[in-house]
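This report refers to the structure that appears directly beneath it.
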Amino acid sequence: MLRRPGWLVLGSGWWEKVESMAPPSLRHLVTGGAGFVGSTLVDRLMEAGEEVICLDNYFTGCKANVARWIGHPHFELIRHDVTEPIRLEVDRIWHLACPASPRHYQSNPIKTAKTSFLGTYNMLGLASRVGARLLLASTSEVYGDPEVHPQPESYRGSVNPIGIRSCYDEGKRIAEALCFDYMRMHGTEIRVARIFNTYGPRMAPDDGRVVSNFIVQALRGQPLTLYGDGSQTRSFCYVDDLVEGLIRLMNGNHTGPINIGNPGEFTILQLAEQVLQRINPELPLTYLPLPQDDPLQRQPVIDLARAELGWEPQVTLEQGLGPTIAHFRSVLGLE
Ligand code: NAD
Ligand code: UDP
C-alpha cells in the first residue's frame, strides 16, 4: 500500500516533536477504539508512533477516552457504525466494536447480533479489499456455561442459542466463523483472540460489569450487589496485559483462536471481599437473583498463548485493583 508523502504539522509546540519522529510504518484501524479496551490499545499504538484511525459509534465508548490524541497528525477519529460498510486504506484492522457488558449488549440484543455479524462481515470485506490483516476481539463467551474446566481453545462450548446472552455469545461465534471462512475463501489474514474478563482504568462507572459495579458501589458507600450466592467464578485479566497479548497476536504468525486471559480464578464473593477490604470492609452485600445462563465457572487455559506468543499476564488481581480503584475515584470526583 502506498504510504503518505509527508506530514501536515500545524502550529507549534508538541506537534513539532511529532514531525521529527520517523514516519509510522503501518496504518491501523481500531473499531470500538473509544471504548475501554480499544482506547487502551489506541494509546499503545499511538505511543509506538503508528498511524491510527479510531472508529466508534459511541454506544458504550466516549470521545474522552481518546481526547488526548485529537489533533495529533497520526490520529483520526471517525463516528461510524460498523453495521454499515466503510471504505478506508489501512494495513491492520483491530475489530473490537461491540458492547461487552451484559447490561449493554442485552439492552438491544438485535442490534448486538447485527453488530457482531454485519460489523465483522463489513470489516472482513474491507480487510480483504485492501489486503489488511484483521484481528477479531472474540470472547470466552463462545464457551458458554462451560462443561469443561478450565477452558482450552479446543473446547467447542456450551452456549444456549436462544437465551438472553445468545445475541453476544452466538454473535461472536458467527463472527469467528466468518473470519475463518474469509481466510479459506479469500485468503484474508485473520487473528482471533478469545478474551476473558478484563478490567482496569477506562471502564465506565455505569458499565454494569462486576469489577466496575463493585468498586463504584463501594466508593459510593452502597451495598455490593452479588448475583446468586457468589460462588460462580471468573478469571480477571488486567487491561494492559490483555493489550500486550493482542499486540503479540496481531504481530505474530498464529491465526488463533487463542485464549487471552489471566488464569487466576476467583469466586465473585472473593472479588467482593477484596474490593471491600480495600475500600470499606463495613459495607454489606445484597444478594440478587443469578441472571439466566450466567456461566458458573470460567478460567482460561493459556498454554497456547504462552507457546505461540510468549505471553502470560504480569498483573495479579491484587495489583490491578489499585489503579482501577484510583481511576474510579477520579471519575467519581472523590480525589
Ligand atoms: P466497551 O463497551 O467499552 O467497548 C466497545 C466499543 O465499541 C465502544 O466504544 C462502543 O461505543 C463501540 N461500539 C459498539 N457497537 C458499535 C457499532 N455498532 N459500531 C461502532 N462502534 C461500536 O467494551 P470493551 O470491554 O472495551 O470490549 C471491547 C471488545 O473486546 C468487544 O468486542 C468485546 O466483545 C471484547 N471483549 C471484551 C472483554 C472484556 O472483559 N472487556 C471480554 C471479552 C471480549
Ligand atoms: N455480577 C455480580 N454483581 C454485579 C455484576 C455482576 O455478582 O453487580 C456477577 C455476574 O452474575 C457474573 C459475574 O459477576 O456471574 C461476572 O459478570 P460480568 O457482567 O462482569 O461478566 P460476564 O458475566 O459477562 O462474565
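Observations, loosely collected:
- Relative frequency of Cα-Cα separations exceeding 37 Å in the chain, percent: 16
- Charge sum, other residues only, whose C-beta stays under 15 Å from GLU153's C-beta, Lys/Arg counted +1 and Asp/Glu -1: +3
- Normalising by residue count, the range 55-160 has a Cα convex hull of 137 Å³ per residue.
- Ranking ALA137, THR316, LEU242 by Cα position along the charge dipole of the chain, where only Lys, Arg, Asp and Glu carry charges on their C-beta atoms, puts ALA137 farthest toward the positive end.
- Mean Cα-pair separation over length for the range 109-192, i.e. relative contact order, pairs under 8 Å, 6 or more apart, %: 43
- This model, with +1 at the C-beta of Lys and Arg and -1 at the C-beta of Asp and Glu, gives the chain a dipole about its Cα centre of some 700 debye.
- Exposure proxy order (Cβ contacts within 10 Å, fewest to most) of CYS167, CYS54, CYS62: CYS62, CYS167, CYS54
- Based on Cα contacts under 8 Å between residues 6+ apart, the chain shows a relative contact order of 16 percent.
- Helix 268-279 and the longest principal axis of the C-alpha atoms of the chain enclose an angle of approximately 80°.
- Cβ crowding within 10 Å ranks TRP311, TRP94 as TRP311, TRP94, fewest other Cβ atoms first.
- Scanning residues 5 or more positions from CYS237 or on other chains, those with amide H under 5 Å from its amide H are THR198, TYR199, ASN262, with H placed 1.01 Å from N in the peptide plane.
- C-alpha long axis of helix 166-186 to longest principal axis of the chain, angle in °: 30
- The phi-based Karplus calculation (6.51 cos²θ - 1.76 cosθ + 1.60; θ = phi - 60°) puts the 3J(HN,Hα) values of the range 66-74 at 10, 4, 5, 9, 5, x, 6, x, 8 Hz, whole numbers, x for Gly and Pro.
- Here the residues HIS95, HIS74, HIS80, HIS149, ranked from fewest to most Cβ neighbours within 10 Å of their Cβ, fall in the order HIS149, HIS80, HIS74, HIS95.
Bear in mind these aren't lab numbers, they're just calculated from the coordinates by the rules spelled out. Since the model is a prediction, treat every value here as computed from it, not as a measurement. We place every Cβ from the backbone using ideal geometry, glycine too, and count neighbours over all the protein chains shown.
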